[in-house]
Amino acid sequence: MSEPIKPYGDTMNDGVVQLSFTLPVENSSRGKKAAELYAAKLNLEQVAVVHARQIATGFTFFVVYARAVPVLDYSTVAATEVAVAPLDFHEINDLIKSGLQRPLVVIGATIGSDAHTVGIDAIMNMKGYNQDYGLERYPEIEAHNLGAQVTCEELVAKALELKADAVLVSQTVTQKDAHLRNFTELVELLEAEALRSRFILVAGGPRISNDLSLELGYDAGFGPGTVPSQVAAFLITTMLQRKGG
Amino acid sequence: MAQIPLHQEQVDRLKALAGDIAQQVQRFIVRHSSTSVERAVLRLFGVDGVDRDGTPLPNRLVEMLREQGGLSGGVSRPFAAALLASGRDPQTTAELIEQGKIPFDVPGGNTGRGLLERERQLGRDAVAKLDATRRRKRAKQLVHPVPPQPWRYLIVATGDIYEDRLQAKSAVAAGADIIAVIRSTAQSLLDYVPYGPTTEGFGGTYATQENFRIMRAALDEAAEEAGRYLRLVNYSSGLCMAEIAACAALEDLDMLLNDSMYGILFRDINMQRTFVDQYFSRLICARSKIIINTGEDNYLTTADAVEEAHTVTASQLINEAMGREALLTDDLLGLGHAFEIDPALENAFLYELAHAQLARQLFPNAPLKYMPPTKYKSTDIFYSHCLDTMFNLASITTGQGIHLAGILTEAIHTPLMQDRALSLAGINYVFNVARSLGSEIEFRAGGFVARRAQQVLDEVESFLGEVRGSGLMGAISAGRFAGISRRSDGGKGLDGVFEKGDDYSNPIMAQLEKEGVTDE
């Protein structure tokens, strides 16, 4: 059954969207007209340029409201999420103990030029995130957080040295899509060294979806709001599946 | 300004404890020098440029001396001897040395008056350059006055110094008082200062003397239009603290990130190396009137901002004491702290006020560097903008000095031009509407803020007592700061540290230590 949807403002199917952008034009009637016409080129209707402010010589910032035209059939939309049953701290530790019968070794890092450890810290640091303990807190997990600006080579070398079961890779702040290049570089390095199948490889960060991660050659991807136990549950479930299979 | 009632005797005790800790480290520092300190000496003597392979001449010369086993006396006297031999200026002499046309080695027992006088002259010329930058900056500040604090601090980081110029000017037009050019990733781990203008970087722009000059000129131009003095910031951290301080002084920079503790903990720089480098870099800053910025705010990106608040205060006290050893005056101490408490905590803002006000009162004359929230920034940019608004309010209420602009897209990407403009609009709004709030309110004796400040102070006192017992290096090894442990013989750059020989000389350091700071 088809399920047509459009953005919702305050009435079903009104198509209301808000957007903001900067154009390299002076803030003038002509500049505002340019913003309006540009939004129209995006196939938006009833364009209202509600705010225009010059933010540098020859650059103007616009806030625009408009109505979106296209309709999407929601019934045709498919997306994956990391599919594991939720487990809590104790269940995860018990499962590692009974199923794996040794500690689960997890190594994590922020790779490339990104200096932000906030994502990897939220998952790995003792304290964890949003009242959910980090992997370091799990007695059955041996967690190694290498921090930020780790090269792919260092990460792989360390993963081998520590005999890691899983490698967690974070990219928080990116510039000109550097995060995609970095994620890809790691997969390519692992494949070149014929090491890809040795580790469960997990991506994380604000721009990460599970679909994107699978496309990049990762086993899973976790976006914003992920708590450590979700990652840990995925890791142990996958480990045991692989062990069984 | 509203004051939290503090016990002056306790504050005096804390300062004395920090002083003891700094002196322990200072006893180590004075016996050592490093390759980076020696390279900074050459730079201040007037040596610049690179060889055919792109290696900076200061590096080449120090390595040449080291290969002959002659570094323990320092680079200064051999260089003075080479100058006498060449009869040319320092730069030409360095080039001749590099080309192997004149000898460069330890002048043995030669301590003749001609040589010693030439060396002292080199030192005086170098210090004169530091005096000149201070005077140039002051002259500019007479034409374009320094704006009131908190100064609005914005970063640019395109990787291309020419693009940075455009971004900086747009930030100034929107109200920025300070422009920091973020360095290219991992430059802190390079054991040399790159050369010339650069147009490619990773997550930032290389710090080079030429890039400093380009941005300084752009800001001087922008100051004409803005009618206020604009400060330029870069990073004297990592393996080249002293050299960057030298380059920064030569190009009239106003502010440098400069904190050993940050390098040790977050960049795994060897602690012996960075303490030694930091001392000379700070002597240069003190004389040139460059404000240092310390990195305590970073502790809270890994450790909890409530549980570990006392480590921030303790580190500020230690940095102040180490700064004093290097003759830095209060007006040059941009001690760092941050607004990083979990917003889910009830009354988180009161904790933030307590911490910010405590820093203000402990260091009443320091231009404190206040960092915006980063850890709890959301990808919901509208919510993140609200967090920054509360940060702006805490800053103006407690009279902070250097206000780093929080950016609504902090959790997503390096700032777009419009992100910076929105950030500044928020800052300008809050600073204007709450300008005098701090002098209108009182912190209730025995109230939440006062009790919290007292609790932090008590924790600081016991923590500093512990650090004095183990020594700063011991405390860092034990993971007492930011939960990160570093060994005194681990990390990067230890091989550049050496013990000063009996024949060691460094006329710049000697003169700076002897004459102290001056406001002339």
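The numbers here are math on the coordinates, done by the rules we state, and not lab data. Keep in mind it's a predicted model, so treat the numbers as computed, not measured. Counting neighbours? That spans all protein chains shown, and the Cβs are built from the backbone with ideal geometry, glycine included.
Normalised by 2.2 N^0.38 Å, where N counts its residues, the alpha-carbon radius of gyration of region B:1-106 equals 1.65.
Taking other C-beta atoms within 10 Å as the exposure proxy, B:T311, B:T55, B:T205, A:T238 rank B:T55, A:T238, B:T311, B:T205 from fewest upward. Computed from the C-beta positions of A:L100 and B:E117 and an R0 of 56 Å, the FRET efficiency is 0.15 to the nearest 0.05. Both radii are taken from the alpha-carbon atoms of region B:358-451; with Rh as the Kirkwood radius, Rg/Rh is 1.01.
May I ask for the distance between the Cα centers of region A:193-217 and region B:488-506, given as a whole number of Å? About 44 Å separates the Cα centre of region A:193-217 from the one of region B:488-506.
Here the sum of -39500 (n - 2.57) over DSSP H runs of 4 or more residues, divided by the residues of chain B, equals -17000 deg cm²/dmol at 222 nm, to the nearest 500. Between the helical axis of A:152-161 and the longest alpha-carbon principal axis of chain A there is an angle of about 20 degrees.
Report relative contact order for region B:242-319 in percent, whole number only (criteria: Cα-Cα under 8 Å, sequence separation at least 6).
Numbers: 72 pairs, mean separation 28.9, N = 78.
Relative contact order of region B:242-319: 37 percent.
Compared with the dominant Cα axis of chain A, that is its longest principal axis, helix A:178-192 is turned about 30°.
Using a 7 Å offset from Cα along Cα-Cβ at B:F349, what residues in region B:428-470 end up with backbone N under 20 Å from the label point? Correct set: B:428-445, B:447-453. Here the spin labels are modelled as points 7 Å beyond Cα on the Cα-Cβ line, and at B:F448 and A:R242 they lie 4.8 nm apart.
Cβ under 13 Å from B:D131's Cβ, B:D131 left aside: what net charge do those residues give with Lys, Arg +1 and Asp, Glu -1?
On the way: positive: B:R124, B:K129, B:R134, B:R135, B:R136, B:K137, B:R138, B:R287, B:K289; negative: B:D125, B:D252, B:E515, B:D519, B:E520.
With Lys, Arg at +1 and Asp, Glu at -1, the neighbours total +4.
Taking a sphere under 11 Å around the Cβ of A:L44 and counting the other residues whose Cβ falls inside, with K and R at +1 and D and E at -1, yields a net charge of 0. Start at zero, step by 5 Å, and the Cα-Cα distances of chain A spread as 1, 6, 11, 13, 13, 11, 10, 9, 9, 8, 5, 2, 1, 0, 0 percent across the bins. Computed over all pairs of different Cα atoms, the Kirkwood value for the hydrodynamic radius of the protein assembly as shown is 28.1 Å.
Built from the Cα atoms of region B:308-396, the convex hull projects on average onto 6.0 nm², one quarter of its surface area. Counting 0.36 nm for each residue step from B:A425 to B:K15 and taking away their Cα separation leaves a gain of 143.8 nm. Over all Cα atoms in region B:72-227, the spread is summed up by Rg and Dmax: 20.6, 61 Å. Annotation: the antiparallel percentage among DSSP beta bridges lying fully within chain B is about 15. What separates the Cα centres of region A:54-106 and region A:119-142 is a distance of 19 Å.
Pairs of C-alpha atoms in region B:1-60 farther apart than 15 Å represent 70 percent of all such pairs.
Shape summary of chain B, radius of gyration then Dmax from alpha carbon positions: 23.0, 74 Å. Other residues lying with their Cβ under 10 Å from the Cβ of B:Y262 contribute a combined charge of -2, Lys and Arg counting +1, Asp and Glu -1. Report, in degrees rounded to the nearest 10, the 0 to 90 angle that the Cα long axis of helix A:228-244 makes with the longest principal axis of chain A. For A:228-244 against chain A, the angle is about 50 degrees.
Of the residues A:F222, A:F59, A:F199, the one that moves most in a GNM of chain A with alpha-carbon contacts below 10 Å is A:F59. Put simply, when B:188-198, B:392-402, B:233-243 are sorted by average Cβ atoms within 10 angstrom per residue, most first, you get B:233-243, B:392-402, B:188-198. Average 1/r across all pairs of distinct alpha carbons in region A:1-124, invert it, and you get the Kirkwood radius: 19.8 Å.
Counting only Cβ charges, +1 for Lys and Arg and -1 for Asp and Glu, the dipole size of chain B around its Cα centre is about 920 debye.
Candidate cross-link partners of B:K289 among the lysines, defined by an alpha-carbon separation under 20 Å and a same-chain spacing of 8 or more, comprise B:K129, B:K137, B:K140, B:K369, B:K514. Taken along the Cα-to-beta-carbon direction at a fixed 7 Å, the label points for B:D503 and A:D73 span 8.9 nm. For the protein assembly as shown, a crude dipole built from +1 on the beta carbon of Lys and Arg and -1 on the beta carbon of Asp and Glu, taken about the Cα centre, is about 1600 debye to the nearest 20.
Note on A:L212 and B:F382: the model spin-label points, each 7 Å out from Cα along the C-beta direction, lie 2.2 nm apart. Using only alpha carbons, region B:340-387 has a radius of gyration to Kirkwood radius ratio (Rg to Rh) of 1.04.
Kirkwood Rh, region A:132-207, all Cα pairs: how many Å?
13.4 Å
Cβ-Cβ distance of B:E466 and A:D10, R₀ of 51 Å, FRET efficiency by 1/(1 + (r/R0)^6): the value works out to about 0.30.
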